[in-house]
Amino acid sequence: MLPKDESSNFKLKHWKWLVLVALQVILLLVGQASGIILARFYYAQGGKSKWLIALSQTAGFPLLFIPLFLLPSSKNPSSSPSAKVLAPVYFVLGMLLAGDTIFFSFGLSYLSASTYSLLCATQLVFVAVFSYFINSQKITILILNSVVVLSLSAALIAVNDDSKGPTGVSNSKYIIGFICTLIGSSIASLLFSVTQLSFQKILPRETFSVVLELQIYIQLVAVCAPLTGLFVSGEWRVLYEDMEGFGKGRFGYVMTLFWGALAWQVWSFCSSGLIFLVSSLFACAIGNLALAVAPIACVIVFHDNMNGVKIISMLMAIWGLSTYTYQNYLDDSEARRTDTCITESQNDSFI
């Protein structure tokens, strides 16, 4: 789990790299779990606009300008790709992000937060497949085990007769939510892999500000889709009624959307940061850790039904993540031994 591109211009001492990765792991866990809980809270308190929740996941991108101004910019702007090269990259990534947010919003509106979180653990399955074909990621026995276990975890939720959505959600809407969540997971996984490919082949890696710039541009593209849906569907006309009917009042309505938007910005930035520093598979695995733990918080906050099947599914998700984490440990150890051998060989050549 060493920095995945030691030959790049972006180099850190190993301990600084570990601190930076650990910090982003913590923030990603908090951001993702908070984003899911706040979105489910919006629906639980009477909110009805799916397009608004999708919009809240990207509308907060101007907040990223604050750390962008504080971080050093590229030392060699002339080495950056031209706008003709970057524009298609930002557009493709932005459209993938837009699809992810829309399917997320529709899926969560028809599912309990715990069921949604457990289903989203299938992201690691999809990203393992995409990483293999797009990023030439090695698929080992441990990673394959993780994929199989997580797939079975999702299958348990699918066949669980006691699984149901929030009060008032019909079986047909529950199925729609189930399908939307799986589609959203596949799109999010493709986004992870294409983002890593962009860092490997196109985007400069001189400073960490490139991560912020990437997120700002792709979210600028992504925000257009739910914003268009909000106006085309006519939901914008009933937003005032939506706010008036919110269980926690106007202030609670605004705060739910604001903190939700902030939480998703933290998630977006840290996800890209971990892809930048490690790999798309690692970033997805850390996200799955939040998804595996989130059901516990959902039981406490929303009193979701946590039956035996869900508990088994959650334990399987944690086990699947653990095997992948152990594979990263093995890769880290192997990379260290390789670096040590190379260094010793170079030292011997000077003697």
Filter the cross-link list Lys50/Lys201; Lys138/Lys310; Lys16/Lys310; Lys84/Lys201 down to pairs whose alpha-carbon distance in this structure exceeds 27 Å.
Lys50/Lys201; Lys138/Lys310; Lys16/Lys310
Ranking Ile275, Ile183 from most to least accessible area with a 1.4 Å probe gives Ile183, Ile275
What distance in nm separates the simple spin-label points at Ile318 and Phe65, each placed 7 Å from Cα in the Cβ direction?
4.3 nm
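Please give the per residue accessible area of segment 95-145, computed with a probe of 1.4 Å over protein heavy atoms only, in Å². Kindly include the intermediate steps, with their values, before the conclusion.
Numbers: 1710 Å² over 51 residues.
With the other protein chains kept in place, segment 95-145 gives 34 Å² per residue.
Report the gain in length on full extension from Lys84 to Trp15: 0.36 nm times residue separation, minus Cα-Cα distance, nm rounded to one decimal.
Working: separation 69, 0.36 × 69 = 24.84 nm, distance 3.73 nm.
Additional length available on full extension: 21.1 nm.
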With each pseudo-label sitting 7 Å past Cα toward Cβ, what's the Thr325-Phe258 distance in nm, one decimal?
3.5 nm
What is the dipole size for segment 181-244, taken about its Cα centre, with +1 at each Lys and Arg Cβ and -1 at each Asp and Glu Cβ, in debye to the nearest 20?
420 debye
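Label segment 16-61 by shape, choosing from rounded, prolate and oblate, from the square roots a ≥ b ≥ c of the eigenvalues of the Cα gyration tensor; if a/c is under 1.5 it is rounded, and otherwise prolate applies when a/b is larger than b/c, oblate when it is not. Walk me through the intermediate numbers first.
On the way: a/c = 6.22, a/b = 2.41, b/c = 2.58.
Taking the square roots of the gyration eigenvalues as a ≥ b ≥ c, segment 16-61 is oblate.
The values are calculated or read from the model by the stated rules, or taken from the named source; none is laboratory data. Predicted, not measured: the structure shown is a model, and the values here were computed from it. Note: ideal-geometry Cβ built from the backbone for every residue, glycine included; neighbour counts use all protein chains shown. The accessibility values were calculated without ligands, DNA or RNA, using every heavy atom of the protein model including side chains. Shrake-Rupley method; radii C 1.70, N 1.55, O 1.52, S 1.80 Å.
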